[in-house]
C-alpha cells in the first residue's frame, strides 16, 4: 500500500526558483512565465525538477511530486493535448467567478497575474483527447527519484471555469466532456508510472452548488479505470492571493460531498484557516491528507507543532488513514522557507510514528 500510515507529501508544486519563472505571470500562456532563453529552457525545467525531488527526499517526505517544475500553470497546460479548444486566441472572461471577489492586490504583482487569469482559451467544438501532456514529466521524475511519485492534475469543474464556452452551451455538459478527456490523461499518467494521482478541485469550495449538481458525476467519470490511489484536493486558494483565511462554513459540506465519491482520499487545507479536528468527521472513511504547513507566512513550523496537530487529528481519523501535507501549492515560496517547512513536516510525522510503533 502506497499510502502507509502517516505518510507525508506536499500538495503538488514545490518552490519554483526565481531563475526559472516570473511568478506574477503564472497565468500567461505566451511563454513569458519562463525566464531562461529558449535554447536552455528545457534543461532548466529538468534541473528544477531534479532540485525539487532532491529537497523533498532529503527532507524525508515519504511520497514526492516533481514540484511541477515543467508546468507554467497547474490547470491550462493540459489543453495542449486536446482538439476543440483554441489556446491561441484568448477571450476576456467577465468577472463573474465566485472567487474573483476574493482577489487581493499586494506587492507580488497580482494585478498582472489577475489580468492573465481573465484571458481564457475558447471551447470551439467537441473536446477530443489527442495526446497526453504530462506523461513525459512522470517518466523523467521516476528516472531521478527513489520515492513513490504523486502527480496532480486539474479537475473538470475547476478547468471549466478557466474556459470560455462557445460550443456546449451548458456548464454541466462542458464539465462532463472535460471529465471524459481528463480521464484519458489520468490513464496515461497511470501507465507512465504515477503511484498516486491527485485531482485538484479548488472550485468545489468556491461554487458549492455547482459541485453538488455535477461534481460527483464528473469525478466518477474521471477515475474510470484508475487503479492507483486517487486523492481530490480542495482548498481556499493560493496564500499569495488569499491572504486572510478563516474557517468556511461551506468547507465541511464540500468534504462530505467528496466522502461519497469513488476516490481514495481527500486533501484539505487545515493549518492557515485554523481548522480543528471535528472538521475531519466530514471526510467519512476516506484517507485524509491534512494541510499542516501555513503557506501564508515565512515562519517555519516546528516538528513538535506538526506532531501535536497530527495527534489531535488522530482522535478522529486513525493513523492508517491520516497523512501530513501542506496547505495548497508552494510554488511562490522562497526555497529556504519551503525546505524548512517540509523538513518540519517530515520530522513531525516521524515523531508520531515512533510513538505508535
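The values are calculated or read from the model by the stated rules, or taken from the named source; none is laboratory data. The structure presented is a predicted model; accordingly, all values stated were derived computationally and were not measured. A quick note on method: Cβ atoms are made from the backbone with ideal geometry, for glycine too, and the neighbour counts reach across all protein chains shown.
List the number of the failed condition for residue 57; all other conditions in (1) touching a strand residue (DSSP E or B) at 6+ places or on another chain (Cβ under 7 Å); (2) free of Cβ contacts under 8 Å to residues at least 40 places away in the same chain; (3) within 17 Å of residue 339 (Cα to Cα); (4) surrounded by fewer than 20 Cβ atoms within 10 Å (Cβ to Cβ) hold.
It is condition (2) that residue 57 fails.
If residue 48 satisfies every condition in (1) buried (at least 18 other Cβ atoms within 10 Å of the Cβ); (2) without any contact (Cβ under 8 Å) to a residue 12 or more places away in the chain but one, which is the exception?
Of everything listed in (1) buried (at least 18 other Cβ atoms within 10 Å of the Cβ); (2) without any contact (Cβ under 8 Å) to a residue 12 or more places away in the chain, residue 48 misses just condition (2).
Output the number of residues of the stretch 233-265 satisfying the condition of being touching a helix residue (DSSP H, G or I) at 6+ places or on another chain (Cβ under 6 Å) and on the phi > 0 side of the Ramachandran plot.
0
Residue-wise test of (1) under 26 Å from residue 157 (Cβ atoms); (2) within 20 Å of the chain's Cα centre (by Cα).
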position	(1), (2)
10	yes, yes
16	yes, yes
19	no, no
35	no, no
42	no, no
56	no, yes
62	no, yes
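Please pick out the residue among 293, 255, 197, 268 that is farther than 23 Å from residue 64 by Cβ, crowded, with 22+ Cβ neighbours inside 10 Å, touching a strand residue (DSSP E or B) at 6+ places or on another chain (Cβ under 8 Å) and at pLDDT 95 or above. Quick ask: steps written out before the conclusion?
On the way: 293 fails: farther than 23 Å from residue 64 by Cβ; 197 fails: farther than 23 Å from residue 64 by Cβ; 268 fails: farther than 23 Å from residue 64 by Cβ.
The match here is 255.
Return the only residue of 235, 261 being closer than 20 Å to residue 210 by Cα, surrounded by fewer than 23 Cβ atoms within 10 Å (Cβ to Cβ) and under 19 Å from the mean Cα position of the chain (by Cα). Step through it out loud before you land on a result.
Details: 235 fails: surrounded by fewer than 23 Cβ atoms within 10 Å (Cβ to Cβ).
Just a single option satisfies the conditions, and that option is 261.
Hey, can you tell me all the residues within the stretch 307-320 that are free of Cβ contacts under 8 Å to residues at least 60 places away in the same chain, in contact with a strand residue (DSSP E or B) (Cβ under 8 Å, 6 or more places away or on another chain) and in a helix (DSSP H, G or I)?
309, 313
Answer yes or no as to whether residue 270 is under 20 Å from the mean Cα position of the chain (by Cα) and farther than 23 Å from residue 338 by Cβ. It would help to see each step written out before you state the result.
Working: under 20 Å from the mean Cα position of the chain (by Cα): yes; farther than 23 Å from residue 338 by Cβ: no.
It is false that residue 270 is under 20 Å from the mean Cα position of the chain (by Cα) and farther than 23 Å from residue 338 by Cβ.
Applying the selection to the stretch 245-272, what residues are in contact (Cβ under 8 Å) with a residue 40 or more places away in the chain, farther than 15 Å from residue 230 by Cβ and not in a helix (DSSP H, G or I)?
Just the residues of the stretch 245-272 that are in contact (Cβ under 8 Å) with a residue 40 or more places away in the chain, to begin with: 245, 248, 250-251, 253-254, 257-258, 260-265, 267, 269-272.
Within this subset, residues satisfying the condition of being farther than 15 Å from residue 230 by Cβ are 245, 248, 250-251, 253-254, 257, 269-272.
Residues satisfying the conditions are 245, 248, 250, 269, 270, 271, 272.
Could you check how many residues of the stretch 334-349 are surrounded by 24 or more Cβ atoms within 10 Å (Cβ to Cβ) and either outside any helix (DSSP H, G or I) or free of Cβ contacts under 8 Å to residues at least 60 places away in the same chain (or both)? Outline the logic, then answer.
At the first step, the residues of the stretch 334-349 found to be surrounded by 24 or more Cβ atoms within 10 Å (Cβ to Cβ) are 338, 341-342, 345, 348-349.
Applying the additional criterion that residues be either outside any helix (DSSP H, G or I) or free of Cβ contacts under 8 Å to residues at least 60 places away in the same chain (or both) yields 341, 348.
Residues meeting the conditions: 2.
Looking at (1) in contact (Cβ under 8 Å) with a residue 40 or more places away in the chain; (2) in a loop (DSSP other than H, G, I, E, B); (3) surrounded by fewer than 20 Cβ atoms within 10 Å (Cβ to Cβ), which is the one condition that is false for residue 304?
(2)
Checking residue 299 against (1) more than 23 Å from residue 205 (Cα to Cα); (2) part of a helix (DSSP H, G or I): exactly one of these is not met. Which one?
In the conditions (1) more than 23 Å from residue 205 (Cα to Cα); (2) part of a helix (DSSP H, G or I), residue 299 misses (2) alone.
Is it the case that some residue within the stretch 78-85 is at pLDDT 95 or above, surrounded by fewer than 16 Cβ atoms within 10 Å (Cβ to Cβ) and either in contact with a helix residue (DSSP H, G or I) (Cβ under 9 Å, 6 or more places away or on another chain) or within 27 Å of residue 186 (Cβ to Cβ) (or both)?
Yes, the conditions are met somewhere in the stretch 78-85.
If you check 72, 134, which single one turns out to be within 21 Å of residue 325 (Cβ to Cβ), at pLDDT below 95, buried (at least 19 other Cβ atoms within 10 Å of the Cβ) and within 21 Å of the chain's Cα centre (by Cα)?
Details: 72 fails: within 21 Å of residue 325 (Cβ to Cβ).
The unique qualifying residue is 134.
Please specify each residue of the stretch 318-357 satisfying the condition of being farther than 30 Å from residue 26 by Cβ and in contact with a helix residue (DSSP H, G or I) (Cβ under 7 Å, 6 or more places away or on another chain). So that I can check it myself, show each step before the final result.
Quick first cut of the stretch 318-357, residues farther than 30 Å from residue 26 by Cβ only: 318-322, 347, 350-357.
Residues satisfying the conditions are 319, 322, 347, 351, 352, 356.
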